[in-house]
Amino acid sequence: MMDDRAALHCIVFGRVQGVGFRFFVVEIAERLGLTGWVRNREDGRSVEIWAEGRRAALEALREQVRTGPPGAWVERAECAWVEPTGHFDDFSIRR
């Protein structure tokens, strides 16, 4: 049986800081059973996400972050499939 564990690294641009975007990502990731982290980037207009789990769950997360929560405006989400590290026990907000 093939292991479908994967990892996704995304940088989401737009009005995504100060609008609850990180909490939105944590809520979705936890519901999907993903591990990893989300953080604001220093540029003030983007958020970075590293998520690990089942490929189907990661694809669902990717679709959700392209829209974001009410109040957010996503200009674009640049996501890439990467090798999972297995280093995470939960999904958290990094500072």
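The values are calculated or read from the model by the stated rules, or taken from the named source; none is laboratory data. In this text, all values refer to a predicted model and were calculated from it rather than measured experimentally. Note: ideal-geometry Cβ built from the backbone for every residue, glycine included; neighbour counts use all protein chains shown. All accessible areas refer to the heavy atoms of the entire protein, side chains included, with ligands and DNA or RNA removed. Shrake-Rupley method; radii C 1.70, N 1.55, O 1.52, S 1.80 Å.
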Fully extended, how many nm does the chain gain between Glu30 and Glu42 (0.36 nm per residue separation, minus their Cα-Cα distance)? 1.8 nm
Counting DSSP beta bridges in the chain, what percent are antiparallel, to the nearest 5? 90
Choice from Arg39, Arg31, Arg54 showing the highest fluctuation, given a GNM over the chain with Cα pairs closer than 10 Å: Arg31
Treat every Asp and Glu Cβ in the chain as -1 and every Lys and Arg Cβ as +1, leave all other atoms uncharged, and give the resulting dipole magnitude about the Cα centre to the nearest 20 debye. 320
Radius of gyration, Dmax [the chain; alpha carbons; angstrom]: 12.4, 43
How much accessible area per residue does the chain have, counting only protein heavy atoms and a probe of 1.4 Å, in square angstrom? 59
Helix-derived [θ] at 222 nm for the chain: sum -39500 (n - 2.57) over DSSP H runs of at least 4, divide by residue count, nearest 500? -7500 deg cm²/dmol
Using the alpha-carbon atoms, what tilt in degrees (0 to 90, nearest 10) does helix 21-32 show relative to the longest principal axis of the chain? 20
Take every Cα pair under 8 Å in the chain that's 6+ residues apart, average their separations, divide by the length, and report that relative contact order as a whole percent. 45
At 1.4 Å probe size, what's the solvent-accessible area of Trp37? Round to the nearest 10 Å². 20
Anisotropy class of the range 34-79 from Cα gyration tensor, a/c 1.5 cut: oblate
Going from most exposed to least, what order do Ser92, Ser46 have by accessible area with a 1.4 Å probe? Ser92, Ser46
Solvent accessible area, Å² - Arg15, 1.4 Å probe, full protein context: 130
Against the longest principal axis of the chain, how steep is helix 55-65, in degrees 0 to 90 to the nearest 10, with axes from Cα atoms? 0
